[in-house]
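Below you'll find the structure, written out as structure tokens, and then a few comments.
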Amino acid sequence: MMEGTYYFPPGFLWGTATSAHQVEGGNSNNDWWDWEQGNGRIIDGQTSAKACDWWGGRWREDLSHASDMGQNAHRFSIEWSRVEPDPEVWDENALAYYRELTKGILDRGMKPMITLHHFTNPLWVARLGGWLNPEIVGLFERFSRKVVGALSDLADMWVTINEPNIYAYSGYLDGAFPPGEMDLSKMIKVLENMLMAHAAAYQAIHEIQPESLVGVAHHYRGFLPASTANPLDRFVANFRSRYFNDIFPNALIDGKARFPGRTIHIPQAAGTQDYFGLNYYTVERDAFDLRCSKQFFTRDFYPQSADLSPTGHMANEPEGFAKAIKWANSYGLPII
């Protein structure tokens, strides 16, 4: 049997990613910390607490381990509530911490990639209505300018928003994320505001750092019909894929957010990604079911034989990753 060796191309980035709330610990001034305190919201009543204690300095050993493993890149996020704990109040000590963290990534031979919004909002932003309030566009642009201005000599790759479809769906339709809403019209408004905020941040970043690479981390989920012979199963699987996966990245191409029965024009969003950021997790099966009206008449599940994560939240479906890459490649941009 013939054997061959495959090589990644020069400059290929092979790394890992974290979010601030996931690793720092003690982020008590944001809406996720507040959400965790509610009974029954998190499995086994867990809270982030000290998390991985990165705010206490343990990022050093974790990033050293990453470098020792051969990683040459790391994506991390900035905790908005630390940098701007109150409106227009800037914590320079927090920015100094993020400078030290970014330098630590560089010192370990890795390239930093910085996410500006990874699911959490300062409590003061949440009290203003969060991403439902059109003022969020200006607030997020202001925050982005502050962070990029402080770190642009150390980093030139930026993610404005992590997984806007997950944020909007889970927070405003499914109710699993704060603020726990279940309202389709609100979800659509949040996505509209996120598109405008991304566009504003994109322009601001390029004003500060023209050579930067700016994009979004898109969450791709695979949807397969429970039965390929059933046209209704095929319909709901295609429907979910079109409206879950495609709305946000398509709007960054032509400035049109196409929702069922409605198109929102956001021309300033057109052409505002320099690469295609792709996150992939799993593939679900979808069956048409009249009993599931709140889920657009779709019953989603994993096959009984699926290799599930410990909580059953995801199934190990590596073939779906190939489909996700092909989907991302259709946008004609470098993929990260």
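For this structure, a couple of remarks:
- Extension gain, E3-S330: 0.36 nm per intervening residue step, less the Cα-Cα distance, totals 114.7 nm.
- Relative contact order %, the stretch 77-209, counting alpha carbon pairs below 8 Å whose residues are six or more apart: 27
- Straightening the chain between D44 and R58 buys 2.5 nm, computed as 0.36 nm per residue apart minus the Cα-Cα spacing.
- Length released on extending from L128 to A176, taking residue separation times 0.36 nm less the Cα-Cα span: 15.3 nm
- Distance between the modelled labels on M69 and Q268, one decimal in nanometres: 4.0 nm (7 Å Cα→Cβ projection).
- When both the stretch 175-217 and the stretch 63-93 are represented by their alpha-carbon centers, they are found 19 Å apart.
- Theoretical FRET efficiency, 1/(1+(r/R0)^6), r = Cβ-Cβ of T228 and E92, R0 56 Å, to 0.05: 0.45
- Here the calculated FRET efficiency for D107 and F12, from their Cβ-Cβ distance with R0 = 22 Å, stands at 0.55, rounded to the nearest 0.05.
- Whichever lysines have a C-alpha closer than 18 Å to that of K189, once near sequence neighbours (fewer than 8 apart) are set aside: K256
- At the listed q of 0.07, 0.15 Å⁻¹, the Debye profile of the chain, built from one uniform point per Cα, gives log10 I(q)/I(0) equal to -0.30, -1.46.
- The trypsin sites (Lys or Arg not before Pro) of the stretch 25-101 meeting both criteria, a DSSP state outside H, G, I, E and B (loop) and at most 14 other C-beta atoms within 10 angstrom of the site's C-beta, are K50.
- Take every Cα pair under 8 Å whose residues are at least 6 apart in sequence, average their separation, divide by the length of the chain, and the relative contact order is 12 percent.
- On the basis of the beta-carbon distance and an R0 of 35 Å, F259 and N316 show a calculated FRET efficiency of 0.65.
- Anchor K103: lysines whose Cα lies under 16 Å away (excluding residues fewer than 8 positions away in-chain): K111
- Highest-fluctuation residue, G171, G15, G70 considered, GNM on the chain with Cα pairs under 10 Å: G70
- Placing unit charges on the Cβ atoms only, positive for Lys and Arg and negative for Asp and Glu, gives the stretch 189-336 a dipole magnitude near 560 debye about its Cα centre.
- Looking at the stretch 15-329, the DSSP beta bridges with both ends there are about 30 percent antiparallel.
- Each Lys and Arg contributes +1 and each Asp and Glu -1, all at the Cβ; summed about the Cα centre of the chain, the dipole is approximately 820 debye.
- Excluding exposed DSSP-loop GluC sites (Glu not before Pro) (at most 13 other C-beta within 10 Å), longest clean stretch of the chain: 212-336
- Table column - 3J(HN,Hα) (Hz), the stretch 268-275, Karplus curve with 6.51, -1.76, 1.60, x for Gly and Pro: 5, 7, 5, x, 10, 8, 8, 8
- Amide H to amide H, with H built 1.01 Å from N, F177 comes under 5 Å of G171, counting only residues 5 or more places away or on other chains.
Values quoted throughout were computed directly from the atomic coordinates according to the rules given, and no laboratory measurement underlies them. Every value quoted in this text rests on a predicted model; they were computed, and no experiment measured them. Heads up, the Cβs are rebuilt from the backbone with ideal geometry, glycines too, and the neighbour counts pull from every protein chain shown.
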